[in-house]
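Taking it in order: structure first as structure tokens, then the write-up.
Laboratory data are not the source of any read-out in this text; all were calculated from the coordinates shown. Source: prediction; values computed, not measured. Methodologically, a virtual Cβ is constructed for each residue, glycine included, from the backbone with ideal geometry; neighbour enumeration extends over all protein chains shown.
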Amino acid sequence: MLDSLLSFSRHHKMALLMVLDALLLPLALLSAVLLRLGGAWDPKLDPYLWIFAVPPLWVIPIFIKLGLYRAVIRFMDDRVVTTVFYGVTLAVLVLTAVIVMARITPFPRSSILIFWVFAMAYIGGSRFLLRGLLRSIDAGQMPRTPVAIYGAGHAGLALMAALQSGRDMKPVAFFDDKPDLWGRTYRGVEVYDPARMAELVGRKRFAQVLLAIPSASRARHREIIEALEPLHVPIQRVPRLADLVTGEVRVEELKQVDIEDLLGRDPVPPKKELLSANIDGLSVMVTGAGGSIGSELCRQIVRGKPKRLVLFELSEYALYAIDQELAKLAPSIERVAILGSVTDHARLVSVMRAFSVDTVYHAAAYKHVPMVEHNPVAGIVNNAFGTDTCAAAAEDAGVSTFVLISTDKAVRPTNVMGATKRLAELCLQARHAQCEQSSGDTRFVMVRFGNVLGSSGSVVPLFKEQIAAGGPVTVTHPDITRYFMTIPEAAQLVLQAGAMGQGGDVFVLDMGEPVKIAELARRMVHLSGLEVKDELHPAGDIEIRYSGLRPGEKLYEELLIGDGVLGTGHPRILRAQEYHLPPEELAAYLESLAVACESLDAEAAFRLLQQVVREFNAAERTQDWVRLVE
């Protein structure tokens, strides 16, 4: 029978609730009168028995108007008490008016107040009893996952209420850093000291921890995550406070713990005057606009309200994707999507002149270390000659500012990719020197930083895929370390650094503390609720396998060639003091290198690259795939 009732349509269920209230209201009034009379019926009330039947005639319309019957019982929250309160109060006022106007003198007046109490209890209590019954049925049909909530503040309580109304998760414990909250109970869920989590994970058997502290800093998130890591329990978090405030997400929309939470790096708010200096009201061009860094630069640039944004990209699909995204993100900003190569001087000059480009952010590059190592000529042509060609086009077109996106791999490089990026820096430094001599108008700036999270080739997406597939997680070396930064923060710092330089500057971004890749992999495994399989844990879930350093790969990355570094007006941006080659000497090397590349002589190009980039700690011979099989 219960299954039949539950299968009723929504309108039929509403009708049943109205019938229930039509029975409960007379019962509440009768109970109030009998209680007032001490349980003995007064025969003087016999002519007025009709008064017990009429309350539903005006109370139910009041409840309909207040929306009581629109509430879904299974997901009903505590606000229903307010609705019942208003409805019953209005009903009592109407009842009082009826008794006075009908001159029902035998009716005990004080029973009206008792009726108010009984009606509140009967109507409100019936709703909560039905809600409890339906939820117990749901729990029996579909067991909910027990979870613990870290944070008993507003976000934690809102999350608990949302989960208790749902069918997927069941909050069984709160944990909070504030001692004055320990021992308190919210809707039957007790708050505990986080130090007891290891003890309670076995007793409460919660299968997941939900971080409900959206206002906490990333550093605090990192501390909490490190403390939870030994539990090997999956962790999710409530979205950040900014997303909640803007209404983009709701508190119950949980997210996986981001890699930013593991790194614990809090971004420094950008300086608006630097962020918009080369953008606001200007025509801006981004090369490599469809890449991971280039596309984020575009997103940041459109927020700075440029006059025009020129998207320059070799990949047709990547260009289409970023153009479509920006059309939705900033439809009022003029965009121009241009297909082309950064090695095509004539194409670059025509584009820059046609759209009166003021600022160029040069993000186009081949940056995957093993790929460039095995294709050195292509890497040299695209990264070094492409940068020099693009810079020459900027000079010829009268561009005011040219910003090169460089890399920490350009510092004492051990691979072709890093060496080509260092050569690109040398090219810009030489052009700056020539501009000074000829009173040129173009200002050349270089910004160097390390790995960015989520970029193409980043280890983080790879690790996630490998963990999801059951492993193994592959790390090249147990001691390999890298600097990490989020793509949005890197893009913001690039835009600000580009506004600082006087010309020929090499800026380095403060990347924070280096991260051990093996440790990062281990944490990602643990935070997925799994165990690393090793000698101590032979029955573990995911193995971390060391594959050996790839060709040209370094154990440790650096950001400075020498020790000379100066501060700037931004705490995360430093100015490096490094050597550069005289323009005439560099031109001779570039001429010879161009000949080697045009003839596809990888051996000669490799040797010349070692000569021009003095600190290039190269392999014994080129790793070019074609040369290796000849």
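Charge dipole of the stretch 272-612 (Cα centre as origin; +1 on each Lys and Arg Cβ, -1 on each Asp and Glu Cβ, all else neutral): 760 debye, rounded to the nearest 20.
If the chain linking Y320 and A219 were pulled fully straight, counting 0.36 nm for each residue of separation and taking away their Cα-Cα distance, it would gain 32.6 nm. Across all Cα pairs in the stretch 372-466, the calculated P(r) in 10 Å bins from zero up to the longest distance comes to 16, 40, 29, 12, 3, 0 percent per bin. In this structure, the amide hydrogen of Q208, modeled 1.01 Å from its nitrogen in the peptide plane, lies closer than 5 angstrom to those of A148, counting only residues at least 5 positions away or on a different chain. Structural descriptor for the stretch 272-612: relative contact order 17 percent, calculated from alpha carbon pairs under 8 angstrom and at least 6 residues apart.
The modelled label-to-label distance for the pair H345/A207, using points 7 Å beyond Cα in the direction of Cβ, is 6.5 nm. Each peptide in 605-616, 223-234 receives the mean, over its residues, of other Cβ atoms within 10 Å, and ordering these scores from highest gives 605-616, 223-234. Once you reduce the stretch 389-455 and the stretch 565-630 to the center of their Cα atoms, the two points are 13 Å from each other. For the stretch 273-334, the square roots of the Cα gyration tensor eigenvalues, ordered a ≥ b ≥ c, give a/c of at least 1.5 with a/b greater than b/c, which places it in the prolate category. Each peptide in 354-362, 431-439 receives the mean, over its residues, of other Cβ atoms within 10 Å, and ordering these scores from highest gives 354-362, 431-439. Putting +1 on Lys and Arg Cβ atoms and -1 on Asp and Glu Cβ atoms, find which of I467, V508, S438 reaches farthest to the positive end of the dipole of the stretch 374-529. Of the options given, the answer is I467.
Evaluating 6.51 cos²θ - 1.76 cosθ + 1.60 at θ = phi - 60° for every residue in the stretch 336-345, the Karplus couplings come out as 10, 9, 10, 8, x, 10, 6, 8, 9, 4 Hz, glycine and proline recorded as x. First measure r as the distance between the Cβ atoms of F128 and D177, then evaluate 1/(1 + (r/R0)^6) with R0 = 30 Å and state the FRET efficiency to the nearest 0.05. It comes out at approximately 0.40. Once backbone amide H atoms are built at 1.01 Å from N, M169 has T145 as its partners under 5 Å, excluding neighbours fewer than 5 places away on the same chain. The calculated FRET efficiency for the pair Q434 and S332, based on their C-beta separation and a Förster distance of 41 Å, comes to about 0.55. For the stretch 304-459, the fraction of alpha-carbon pairs lying more than 20 Å apart is 52 percent, rounded to a whole number.
Taking every C-alpha pair closer than 8 Å and separated by at least 6 residues, the mean separation divided by the residue count of the stretch 372-508 gives a relative contact order of 27 percent.
Could you state the number of Å between the C-alpha centres of the stretch 460-529 and the stretch 308-375? What the calculation gives is 25 Å, centre to centre. Close amide-amide hydrogen proximity is noted between L314 and G288, G340, each under 5 Å apart and 5 or more residues distant or on a separate chain (H modeled in the peptide plane; Pro and chain starts excluded).
Annotation: extensible slack from R103 through E598 equals 167.2 nm (criterion: 0.36 nm per residue apart, minus Cα-Cα distance).
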